[in-house]
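Take a look at the structure set out below.
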Amino acid sequence: MKKILAISGSTKTSSTNALYISAISQLLGKDFGVSNFPSISNLPHYNPDLDLENPPKSIIDLRLAIHDADGILISTPEYAMGLPGSLKNLIDWTVSSASFSGKPVLALVASTQGEKAYQSIIDILTVLEAKIVPQLIPFAKAKINNDAEITEHETLTRLKSTIQTFVAAMENG
């Protein structure tokens with residue numbers, strides 16, 4: 001069974017991005033174990049002075065969770081024309097450990113528009129040498145219901161294709 005670590009870029013308890021993580025988990029099927037990273041809002045602010053020999057336990061746990069996963073699923077909104085600060089903070093904590101290097105990452109931006117966050121996450125994960133499988137879903141809230149069912153056929157078809165590419169990246173990894 002392939003292990004996938006899911007990270008929501010939203011700090012909202014009941015967010016559209018959490019729904020997309022659930023939808024993708026269902027679409028992946030029983031051959032994949034998806035575990036959700038606890039809220040990104042609980043991580044300390046990135047501080048290079050703390051990123052030495054003994055980083056905070058939550059950061060050690062984060063890095064270990066990424067290391068142990070066969071792939072990473074990130075679903076994030078766009079805030080103020082970019083990535084949410086809490087998600088960027090999580091990613092910043094992984095730079096010195098090279099946690100994302102060579103790791104397949106399905107990077108989903110599910111937002112109202114999302115183009116700036118989409119380009120930003122691609123740029124950041126490229127620098128970190130991740131194997132990026134990106135997808136942008138604009139007007140995302142209107143394309144999924146509260147039962148995590150994608151209601152728009154074109155979005156569902158594109159997402160299934162993206163998932164197939166992500167699975168292939170994990171298998172070739």
request  = Of the numbered conditions (1) modelled with pLDDT under 95; (2) surrounded by 13 or more Cβ atoms within 10 Å (Cβ to Cβ), L52 fails exactly one; give the number of that condition.
outcome  = (2)
key: Given (1) in a helix (DSSP H, G or I); (2) aliphatic (A, V, I, L, M); (3) under 24 Å from K143 (Cα atoms), index of the condition V109 fails   = (1)
request  = Note down all Cβ pairs under 6 Å where the first residue falls in segment 55-69 and is under 10 Å from S97 (Cα atoms), the second is of a type outside the set (A, V, I, L, M) and not in a helix (DSSP H, G or I), and they're at least six residues apart or on different chains.
outcome  = R63/S97; R63/S99
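Quick one: which residue in S97, S75 is polar (S, T, N, Q), touching a Gly at 6+ places or on another chain (Cβ under 7 Å) and within 29 Å of D31 (Cβ to Cβ)?
The conditions single out S75.
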query = Which of (1) within 22 Å of I59 (Cβ to Cβ); (2) surrounded by fewer than 18 Cβ atoms within 10 Å (Cβ to Cβ) does G9 not meet, given it meets every other one?
reply = (2)
Unique match (being under 20 Å from E78 (Cα atoms) and of a type in the set (S, T, Y)) among T151, T157, T162 = T162
query = Mind checking whether some residue in segment 35-48 is part of a loop (DSSP other than H, G, I, E, B), surrounded by fewer than 13 Cβ atoms within 10 Å (Cβ to Cβ) and hydrophobic (A, V, I, L, M, F, W, C)?
reply = no
query = Which of (1) in contact (Cβ under 8 Å) with a residue 40 or more places away in the chain; (2) outside any strand (DSSP E or B); (3) hydrophobic (A, V, I, L, M, F, W, C) is the odd one out, the single condition A142 does not satisfy?
reply = (1)
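Hey, among S111, S39, S86, S35, which residue is among the polar types (S, T, N, Q) and more than 17 Å from T16 (Cβ to Cβ)?
S35
The values are calculated or read from the model by the stated rules, or taken from the named source; none is laboratory data. Everything quoted here is computed from the prediction, not taken from an experiment. Backbone-built Cβ (ideal geometry, glycine too); neighbour counts: all protein chains shown.
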